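Inspection log for the structure reproduced underneath, given as structure tokens.
The values are calculated or read from the model by the stated rules, or taken from the named source; none is laboratory data. The structure displayed is predicted, hence computed values, not measured ones. Note that we place each Cβ from the backbone using ideal geometry, even for glycine, and neighbour counts take in every protein chain shown. Remember, those area values only see protein heavy atoms, side chains included, never the ligands or the DNA or RNA. Shrake-Rupley method; radii C 1.70, N 1.55, O 1.52, S 1.80 Å.
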Amino acid sequence: MRDHLVIFDMQVKPNSNLKHLASLGNYICQFKPKVIIVIGDWWDMHSLSSYDKGTKKAEGARYQDDINSGIAAMKTMLKPMQSYNAHCVKHKKKKYKPEMHFTLGNHEERIARHVNANPLLDGFLSYDNFKLKDFGFTTHGFLSPVIIDGVEYVHYVQNRNSPYPKASSKVALDQTKISVTQGHRPCLDISTGWADDKGMLWSITCGASYLDDEEYKGTQGNKHWRGIVHKRNVHNGDFDPTFIRLSSLMKDY
């Protein structure tokens, strides 16, 4: 049985508040989960947003700034792990090398959509710009689920008859028939079930591991849970979950 740490939508922009990332890195080093999953939308990719194209909000947005901000944020989160491993090398101890997965989100997928609309950019703009392989991640395509220890991870569970996400964790569980964890929606939505051959089935939706408020959501829309999920003893889709708010993470680590 292994521990999984799930990090949800971060939506990093050049001006994002990233004060929680050092605490997140410290948490990772203290508990050393065997598996780390970033559910997608780590990068916001505001420069490629079709919603803001032609508006004042899009002024000054640059592709490379978007890419660089997400890379810098990833380095900040992983810095404690790198420092720990450097210490291990110095003292001839075993390094911490978790299995790491990244499921691409709709914000990262903006690159593919933009290249499709502008074929001349093919080969210049790509997912390789994220340097995820260099960081040690195995990357999974947008809406391509990966099953790890009996849990399906994907940015969101797609409606079978459309490209849009399922409405709730309960509906997602009814469709997948196995434990599933997804991001995308800024909330904490949990549904459970039971299978005699597996035990507890968990459907968890959380689309916010970021601190920023989003202007488009307004005052009420920005009032939602933000955090990470640490799953202990994951086996055949069942686990012992710990839900950690970002505010608690920053206070304790």
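With protein chains left intact and a 1.4 Å probe, residues in region 1-51 average 34 Å² of accessible area per residue. Taking the Cα atoms of region 102-180, the ratio Rg/Rh between the radius of gyration and the Kirkwood radius comes to 1.04. Take 130-142, 212-224, 165-177, 9-21 and order them by the average number of nearby Cβ atoms within 10 Å per residue, most first; the result is 9-21, 165-177, 130-142, 212-224.
Of all DSSP bridge pairs formed entirely within the chain, close to 50 percent run antiparallel. Just checking the listed ones, Pro33, Pro119, Pro80: in the Gaussian network model of the chain with Cα springs under 10 Å, the one fluctuating most is Pro119.
Given a 1.4 angstrom probe, I'd like the percentage of the accessible area of the chain that is carbon and sulfur, rounded to a whole number. Whole-percent figure for carbon plus sulfur exposure: 50. Distance distribution note for the chain: the fraction of Cα pairs above 24 angstrom is 47%. Here, region 27-119 has an Rg and a Dmax of 17.6, 56 Å when only alpha carbons are counted. Long hydrophobic helices in the chain, taken as whole DSSP H segments with a C-alpha length of 24 Å or more on their own axis and mean Kyte-Doolittle hydropathy at least -1.0: 63-90. Here is the link list: Lys19/Lys217; Lys131/Lys231; Lys79/Lys231; Lys34/Lys79. Which ones come out longer than 24 Å on Cα distance? In this structure, Lys131/Lys231 exceed 24 Å between Cα atoms.
Per residue, region 63-134 exposes 61 Å² of accessible surface when a 1.4 Å probe is rolled over the protein heavy atoms with every protein chain present. DSSP beta bridges fully contained in region 27-166 are about 30 percent antiparallel. The percentage of C-alpha pairs in region 109-253 whose separation is greater than 17 Å is 69%.
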